[in-house]
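First the structure, in the form of structure tokens, and then the observations on it.
The values are calculated or read from the model by the stated rules, or taken from the named source; none is laboratory data. Since we're looking at a predicted model, the values are computed, not measured. Glycine also receives a Cβ, built like all others from the backbone with ideal geometry; neighbour counts cover every protein chain displayed. Heads up: the accessible areas ignore ligands, DNA and RNA and are worked out on the full protein's heavy atoms, side chains in. Shrake-Rupley method; radii C 1.70, N 1.55, O 1.52, S 1.80 Å.
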Amino acid sequence: KVILQGVEELKAGHCMYICPEGTRNKDADLTSMLEFHAGSFKSALRAKVSFVSSCSYGTFRFLGGNHNYRSNPVTTDFGPIHTYDEIAKMSTADLAALSYSEVASMVEQSREDEKKYFEEGKHKRKPASKWWKKPFYKVKI
């Protein structure tokens, strides 16, 4: 029922954000990824729409109770757009594997960027202005 409702929303032109892991990762290694559920991609296939994989990295710190916003970077990256024509003949399991590999690559890049951020001491710097009042985004397309 939920998938059918999602299909109707997508056909109507709305966007949908789905977390294919299905739950928050409670593994001791908070940066590890869980398996992607293939059913997460049914809506895109049934609605015949494109999809984009994305990765929000760094949110595990806030979910873990560390609310020092100044020194904990969070990045959001986007993979390539996959048109319906590209994915029409793929199974949901194939789409899950494709998305998983894209997100894993983005996570690895975010880990490298974060390592540089902390090595350069940027987490110790005070903001030059009221940064929280200005919109800021790191988007890779």
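Structure notes:
- For T75, T83, T23, the ranking by accessible surface with the largest value first comes to T23, T83, T75, using a 1.4 Å probe.
- Applying a threshold of 30 Å to the alpha-carbon distances of K26/K122; K26/K115; K11/K89; K1/K26; K1/K89 flags no pair as lying beyond it.
- Full-extension gain in nm, E35 to K122, via 0.36 nm per residue minus C-alpha separation: 28.0 nm
- Taking a Cβ cut-off of under 13 Å around K115, the surrounding Lys, Arg, Asp and Glu residues balance to a net charge of -3, with basic ones at +1 and acidic ones at -1.
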